[in-house]
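Bear in mind that the values in this text are calculations on the coordinates, not laboratory data. This is a predicted model, so every value here is computed, not measured. Using ideal geometry, Cβ is built from the backbone for each residue, glycine included, and neighbour counts are taken over all protein chains shown.
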Amino acid sequence: MGDSLDRNRQNGDRKEAQNTNRFTTKMQKKLVVLYFLVLLAFAGLSARLVLINRDNGEQYKKQVLSQQQYTSRTIPFKRGEILDSKGTKLAVSEKVYNLILDCKLMNEKEEYVEGTIAALAQCFDVDESEIRKYSSDNPTSQYHILKKQLTYDEIAPFQELVNNEETGKYIQGVWFEEEYRRLYPNNTLASDVIGFTTKDNVGNYGLEAYYNDILSGINGREYGYMNDDSNLERTTKAAVDGYNLVSTLDANIQGIVERKLQEYNDTYKNAAREGNGAYNTGCIIMDVNNGNVLAMASYPFYNLNEPRNTDMLLGQNVINEKAELQGTVINEETLASMDEDTLYRQLNALWKNYCISSTFEPGSTMKPFTVAAGLESGKMTGNETYQCNGSLTVVEGQKPIKCHSYRVGGDGIVSVAGAVERSCNVALMKMGQTIGKTTFLKYMQDFNFGLKTNIDLYGEARTASLVFTEDSMGPMELATASFGQGFNVTMIQMAAGFSSLINGGYYYEPHMVSKITASDGSVVQNIEPRLLKQTVSESTSAKIRDYCVDVVMGEHGTGHTARPAGYIIGGKTGTAETQPRGNRQYVVSFIGFAPADDPQIAIYVVVDRPNSDKQDDAKYATRIVRSILTEVLPYMDIFMTEPLSEAEQKELEEQQIAYKQQLMTSVSGNDVSGNDISGNDAGGDGMPAAGENGEGIGENTGGNQDNPDKPKIDIDPDTGYGVLPDGTKVDPVTGEAIDEDTPLDLPEPNLPLDGTQGGEDGGDSPF
């Protein structure tokens with residue numbers, strides 16, 4: 001049995017050995033085959049790599065290197081400039097530099113660290129210890145901003161050290177990142193119109209916001225990689241700069257307007273209550289023949305370079321969450337106690353453009369529109385007369401509506417012209433009844449009340465819900481609307497509509513930009529005036545002009561104090577009591593045009609609740625108008641047509657205003673058109689340029705008696721008048737042009753300088 005077991009064991013071992021030997025032999029053969037296949041594959045791959053390296057090796061090398069040591073930076077675009085109509089720069093972009101530290105590069109050698117930090121401390125206001133700590137804590141950091149928005153002059157000393165053979169080799173790891181900073185050379189000038197930009201170069205308010213896409217460009221980019229020699233290989237995609245805006249503004253006219261608004265505020269600040277001279281004071285000057293806005297401003301202004309500076313908030317009233325004015329005036333104490341949300345509300349109110357964003361009742365400045373609607377519709381002829389007893393009962397059983405003349409028993413019998421001249425509410429209400437609400441509302445829409453003007457400025461208010469409709473207008477509403485109460489308008493709506501009233505009926509869309517140009521000065525787009533419609537006929541327009549001239553020049557006119565010396569202008573005063581009625585708070589205004597015989601500009605001044613115990617006085621607005629036009633009209637080469645009194649001449653000389661008298665041109669032989677009252681380089685604020693105005697005034701005063709080129713003046717033996725070769729009659733002594741019926745000793749004009757004469761009681765509110 002034992003032998004049998006041994007034999008079996010031996011047979012099993014022998015079979016196992018045979019099987020083992022058989023498996024090993026198979027595998028060996030397979031491995032040999034596989035080995036040769038792998039060798040063949042490697043040989044093919046090697047051959048392929050050789051070919052790739054021969055043909056495309058450099059290309060792939062750069063790709064690999066760039067992926068391993070890739071760098072890129074943004075190349076910022078330059079935001080487009082904003083200019084006035086004569087090329088004065090109102091907004092520009094200045095290249096500035098951020099100071100960047102590359103700690104990894106600086107830390108390569110100890111001498112780099114010491115040399116670089118020493119140079120930084122020498123040229124910039126930096127803390128050496130802070131730089132050492134940061135580079136120690138962040139040794140591999142390659143982008144750390146040390147200083148932001150440095151000017152070229154500020155970085156120049158450091159660049160000199162870098163370029164110096166001795167010091168430069170020890171300064172490593174510092175570079176300057178370029179960007180642009182928005183600057184406004186004239187600070188507060190046209191702040192309402194221009195707006196400003198955020199730190200991200202995005203426009204806020206005004207033209208900056210409305211034309212943000214036009215002013216913005218496209219950032220470029222620089223791509224790079226390090227080659228075998230550690231040199232940076234670059235590929236650059238250049239930035240595309242933004243386009244420039246050429247505005248319709250005249251910086252000199254804008255400066256005059258703002259200076260006069262400032263003077264008003266300085267005069268009436270803290271007069272009857274703590275705070276500014278009024279809650280708001282606004283002015284628009286517009287070319288009546290094309291819709292160009294020459295000036296637009298409201299007080300208070302703000303510094304465009306420091307829009308968040310809170311100094312200009314002082315004197316304003318606090319605004320609540322509903323954007324309502326509160327009784328609290330902002331002073332140093334209230335300003336210090338404001339939380340962030342409250343402060344931001346006040347700043348937003350400051351940044352808003354009152355001329356386009358705020359609404360109010362227009363008051364009696366609406367009366368020319370009502371008269372025009374009656375004349376143009378055929379409901380009136382212009383020959384009507386009206387009896388005014390001081391008030392009118394519109395609806396039986398309801399309280400009568402008063403005229404401003406109710407205390408003296410009314411205006412008596414007045415014509416259409418007399419109603420406008422005297423600003424008679426009773427006459428206007430009777431006109432409204434004749435016109436009817438349907439026709440009245442039709443013409444109000446024609447004049448664009450309730451609609452946006454679509455002026456190219458950010459923030460124009462919507463007034464659709466602030467005007468009457470067929471459903472909301474009853475007899476009482478029609479009566480009050482006829483003289484400008486019960487509905488709201490914006491200043492820009494009034495200015496655009498009034499321009500159409502006196503220019504022959506042509507309604508132009510008001511606009512602020514006339515041209516878009518590229519950085520090289522080439523014109524990208526001319527923005528032509530847009531004539532949208534005709535509101536009234538030329539004949540109606542002519543009548544309205546005559547009526548408005550009577551307001552300023554007529555015996556009973558309410559606008560005497562708006563007339564600038566030497567000119568005849570037309571216009572209409574307005575006084576509207578604010579809500580709630582009976583609070584004795586008023587918005588007073590004057591809207592007018594000049595010159596009377598050939599209207600070129602419209603001017604609209606609004607004073608929102610003057611700082612006075614008696615607010616219902618349009619003189620607060622008319623005197624601003626007179627002061628502005630006294631400087632603006634001569635500057636625009638709109639010549640005087642009326643003789644000046646000695647007092648008026650003296651007034652102009654004291655103000656250093658070079659006045660221009662049309663008929664004086666041929667007498668003096670001077671080119672008066674060259675007498676610019678402020679000059680284009682007067683700092684952009686409308687102030688006279690030194691050394692120019694005084695000389696011009698001296699040459700124009702008193703008929704230039706010392707002018708050797710003065711033409712010979714013949715004496716008419718019958719009258720004693722001087723006669724020029726063209727037949728113009730002049731004073732033989734002074735050379736001043738005179739009317740044939742005027743005695744040689746010229747009388748004082750019928751306009752006292754103190755504004756006390758004639759019919760302007762300001763109180764044309766019905767309540």
Rough spin-label spacing in nm, given labels placed 7 Å along Cα→Cβ, for GLU178 and LEU451: 4.8
Ranked HIS511, HIS144, HIS560, criterion: other C-beta atoms within 10 Å, fewest first: HIS144, HIS511, HIS560
Distance (nanometres) between label positions extended 7 Å along Cα→Cβ at GLN656 and GLU94: 2.6
Where the Cα pairs of segment 434-523 fall when distances are cut into 10 Å bins, in %: 15, 41, 26, 11, 5, 2, 0
Long-range HN-HN contacts of SER391 with modeled amide H, under 5 Å: CYS403
Of LYS269/LYS614; LYS199/LYS237; LYS402/LYS572; LYS402/LYS614; LYS260/LYS367, those spanning more than 21 Å from alpha-carbon to alpha-carbon: LYS199/LYS237; LYS260/LYS367
Between segment 313-377 and segment 265-279, the alpha-carbon center distance in angstrom: 15
Burial ordering of TYR134, TYR143, fewest other beta-carbon atoms within 10 Å first: TYR143, TYR134
Nearest-0.05 FRET efficiency for TYR344 and SER539, computed from C-beta distance (R0 51 Å): 0.45
Spacing of the two label points (7 Å from each Cα toward its C-beta) at ASP213 and GLU306, in nm: 3.6
Extension gain (nm, one decimal) between VAL408 and LYS86, 0.36 nm per residue minus Cα-Cα: 110.7 nm
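Can you give the FRET efficiency to the nearest 0.05 for PHE124 and ASN270, using r as the Cβ-Cβ distance and R₀ = 41 Å?
E(calc), rounded to 0.05, equals 0.35.
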Sequence of ILE569, ILE527 once ranked by neighbouring C-beta atoms within 10 Å, starting from the fewest: ILE527, ILE569
Contact order relative to length of segment 536-579, as percent, for alpha carbon pairs under 8 angstrom and 6 or more apart: 34
Segment 74-247: projected area of the alpha-carbon convex hull, averaged over directions, in nm²: 12.3
Table column - 3J(HN,Hα) (Hz), segment 556-569, Karplus curve with 6.51, -1.76, 1.60, x for Gly and Pro: 9, x, 8, x, 3, 6, 8, 6, x, 4, x, 10, 10, 10
Gained length - VAL32 relative to ARG48, 0.36 nm times residue gap less alpha-carbon distance: 3.3 nm
For PHE360, residues with placed amide H under 5 Å, excluding near neighbours: VAL489
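Taking the Cα centre of segment 74-247 as the origin, how large is its charge dipole in debye, to the nearest 20, when only Lys and Arg (+1) and Asp and Glu (-1) carry charge on their Cβ atoms? Walk me through the numbers before you get to the answer.
Values: 18 positive and 30 negative charges, 150 e Å.
For segment 74-247, the charge dipole is close to 720 debye.
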Förster-model FRET efficiency, 51 Å R0, ALA156 and GLU332, C-beta, rounded to 0.05: 0.80
